[in-house]
Each structure stands twice: as C-alpha cells, then as structure tokens.
1. Need one number: nm distance between label points at residue 34 and residue 96, each 7 Å from Cα along Cα→Cβ, rounded to one decimal.
2. Taking 0.36 nm per intervening residue step and subtracting the Cα-Cα distance, what contour gain separates residue 73 from residue 50 on full extension?
3. Over region 1-106, with the other protein chains present, what is the accessible area per residue in square angstrom, probe 1.4 angstrom?
4. Amide H to amide H under 5 Å from residue 177: which residues, 5+ apart in sequence or cross-chain, H placed 1.01 Å off N in plane?
5. From the mean inverse distance of alpha carbon pairs (Kirkwood) and the Cα radius of gyration, derive Rg over Rh for region 1-106.
6. Determine which aspartates and glutamates satisfy two conditions relative to residue 90: a Cα distance under 14 Å, and not lying fewer than 8 residues away in the same chain.
Amino acid sequence: LPQRLATLATAAWEEAWQSRQQLQAKRQEVAQLQEQLNRARQDGERWASSLQRAQREALEREATRGAEQARQQELIRDMKGRLLELLREKDALWQKTEGINTAMSSPAPRDAGLCARCHKDFRLLSRRYNCRWAMEALGVTLGWHWHGTALTACSLGRLCQGKVCHTCSVDVGKQGRCCLLCYQQRHPDAT
C-alpha cells in the first residue's frame, strides 16, 4: 500500500507539474495575444486618426474648391458684363461712324431680342443687323425704280424685317447688310 501511495503521489505530482507547464504556456500565449491586441488597437487608432485627417483635408479642399469656383463664376459674370459693355460701346461707335441714328424707332414694334425672320434669340456673341435700306427709308423717300414701281419709305417700312441675324441678312457690299425682303425687293431676280 505505501508503494501504491508513492506511485499515486508521483503521478499526481507529475500531473500537477504538467498542469503548471500548460498553465504557464497558456499565460504566455495570453500575454502574446494581449500584446497583439494592443498593437491592433494602436494600429486601429492610427488608421482612424489618418481617416479623420483625410476626411478633414477632403472637406477643406472641397470648401476651397467651392470658394474658388464661386470666385471664377463671379469673374466670368463680371467679364461677360464687361464684354456686353464693350460690345455696346463698339456698336454705338459703329453706328456713329456709319451715321445711324439710334433714336429712330422701327415702323412696327418688334422684340429686340429675336431675329424678325427666323426668331433666333440674339445671344451675347451673336450678331444682329439693322436693315440698312430700311434705315435709309425711314427718313427719306427712295428715288430708285424697279420695274416701273417706286419703292417709298412707307411701303418699305411695311415690308422690312428690321433687326435680323447674320443668317437672315444679305451682305450688300459697301452699304452694309440688309434683310432678305429688302434685298429681294431691290433684286427681284435673286432667290
């Protein structure tokens, strides 16, 4: 019986020693896992701060870009306004050099922003022409005769289209441009 007790005590002692070894191995494994977890948390915090910084920079860039775009739109608006002023000044000078009186009213009221023939909207850079022959006819009776009929200011005023776009006008050389109806009246053989 003492020998059996000694064997059992030795077996229990070896079992306890193995349990201690396993417990120590588990503690080391837990320590390693805890260290990995701490490193993962630090990495997560670094990535989160990097993400927040990137989002903040993106928002700042977006705000800067929005402000720059607003400044550019304001500049474009100012430039368009200045261009309109310059075009009006140029038209006034052109009318002054050509002897066109801007105070003359057209015989029939028309929308100044549309071509009288094709109803095209006059935009910022589209050219509009006053019919030169109609402008002459407003002040004086024309003395020219075509096929035995005299074209007077009164009859031309009823026929003339007034302001026309480049497409609906005809170049008549030194006299400038006129509307298609006036051109056809003066040149009946033209199409």
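1. It works out to 9.3 nm between the two label points.
2. Extending this stretch completely gives an extra 4.9 nm.
3. Accessible surface, normalised per residue, equals 92 Å².
4. Residues meeting the criterion, in which the H sits 1.01 Å from N, are 132, 172.
5. With Rh from the inverse mean 1/r over Cα pairs, Rg/Rh is 1.89.
6. Straight-line reach from residue 90, under 14 Å: 98.
The values are calculated or read from the model by the stated rules, or taken from the named source; none is laboratory data. Just so it is clear, the model here is predicted, and its values are computed rather than measured. Using ideal geometry, Cβ is built from the backbone for each residue, glycine included, and neighbour counts are taken over all protein chains shown. For accessibility, only protein heavy atoms count, side chains too; no ligands or nucleic acids. Shrake-Rupley method; radii C 1.70, N 1.55, O 1.52, S 1.80 Å.
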